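Q: Take this structure, written in structure tokens, and hold onto it; I'll ask about it next.
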Amino acid sequence: MQTRKLDYRIVTDGLEFPEGPIAMKDGSVLVVEIKGGRLIRVKPDGTKEVAAELGGGPNGAAIGPDGAAYVCNNGGFNWITQDNGYKRPHGRADNYTGGSIQRVNLATGKSTTLYTHCEGVPINGPNDICFDAKGDMWFTDHGKTYGRQMDCGAVYHAAADGSYIRQAVFPMVTPNGCGLSPDEKTLYVSETETGRLWHWPITGRGEVAKQPWPSPNGGTLVGQATGYQRFDSMALEENGNICVATLVTGGITVFSPQGEKLEYWEGPEPYCTNICFGGADMRTAYITVSGTGLLIAVEWPRPGLRLLHQRG
């Protein structure tokens, strides 16, 4: 595996723990602010405007088939701000009332809540989201940590209109990033605390083929972190490689679909949390550097996978 340093430029700063970047067709980038409770539009010149006030803890985001933004709201964290201004989350917010999936009308900024439960079970800390070509969403529920307790996580599949939701994978240990292979036959999910990347064959609407015990969640292990690292969200390349934002050391770990660890790109701080691809040739990687509130851009060596909202 090759280790390299990211050669990046700062798109904007001053964000309140940004995550969930979405590269838009007009050259802007949408990001959530988990600490700020907002959806922010970052323009190409780095200026920022509030796209929606969401409250709680907006975490992952994706554009759906109707052009709206769909947001995983984890319900909020408590926060630690260090003397140098560095911010990091610390456990479930004292005013936490639950997690949800929100739909945001980008023209008006109005948000509606689509899901808070699945078959009576609360969605505790939804984290990352992606859409398939049929317009359905996959999203992870990272769970919450509070006191001496930690929720078991899960992966859900749901319709964009709020009419259908089902649990696809359970249990998981802090599932975070999720993504689909270019042919949409494979679901990938990363776990934060284990530093593992899993995959499942997709066999139907919201259905995946599961491996028997001793797989803890029915998935097949793609690969895992080297040493003490934690995995966050992900984006896929056009060729099927999986790019996983990596915490602790802070960077991007690139896996092949066969599980080979190809590259590690070292970033500027421990909280490199999310990555997405944009630009005319899909070779601009936008990365959220959350503790210091940065959105950075990197010229990537290969094109990223063009997502549903980026397709012509």
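Q: Is it true that Leu307 is under 21 Å from Ser28 (Cβ atoms), among the hydrophobic types (A, V, I, L, M, F, W, C) and at pLDDT below 95?
A: Taking the combined requirement at face value, the residue satisfies it.
Q: Would you pick out the residues in the range 63-122 that are of a type in the set (A, V, I, L, M) and under 19 Å from the mean Cα position of the chain (by Cα)?
A: Ile63, Ala68, Ala69, Val71, Ile101, Val104, Leu114
Q: Looking at the range 182-220, which of its residues are assigned to a loop (DSSP other than H, G, I, E, B), free of Cβ contacts under 8 Å to residues at least 24 places away in the same chain and among the polar types (S, T, N, Q)?
A: Across the range 182-220, the qualifying residues are Gln211, Ser215.
Q: Are any residues in the range 166-175 β-branched (Val, Ile, Thr) and buried (at least 20 other Cβ atoms within 10 Å of the Cβ), and if so, which ones?
A: The answer is Val169, Thr174.
Q: Name the residue, out of Arg88, Arg103, that is without any contact (Cβ under 8 Å) to a residue 60 or more places away in the chain and not in a loop (DSSP other than H, G, I, E, B).
A: Arg103
Q: Name every residue in the range 176-212 that is in contact with a Leu (Cβ under 9 Å, 6 or more places away or on another chain), surrounded by 15 or more Cβ atoms within 10 Å (Cβ to Cβ) and within 18 Å of Gly135 (Cβ to Cβ), in order of residue number.
A: Cys178, Gly179, Leu180, Ser181, Leu187, Ile202
Q: Six or more apart or on different chains, Cβ under 9 Å: which pairs go from a residue in the range 264-277 that's within 19 Å of Ser28 (Cβ to Cβ) to one that's among the basic types (Lys, Arg)? Could you list them?
A: Partner pairs satisfying both residue conditions: Phe277/Arg283; Phe277/Arg306.
Q: Give the number of residues within the range 226-263 that are in a strand (DSSP E or B), farther than 19 Å from Gly304 by Cβ and free of Cβ contacts under 8 Å to residues at least 40 places away in the same chain.
A: Final tally of qualifying residues: 1.
Q: Also, quick follow-up: Identify, from the list Ile165, Ile202, the residue that is farther than 24 Å from Gln2 by Cβ and touching a Cys at 6+ places or on another chain (Cβ under 6 Å).
A: Ile165
The values are calculated or read from the model by the stated rules, or taken from the named source; none is laboratory data. Computed from a predicted model, the values in this text were never measured in an experiment. Note: ideal-geometry Cβ built from the backbone for every residue, glycine included; neighbour counts use all protein chains shown.
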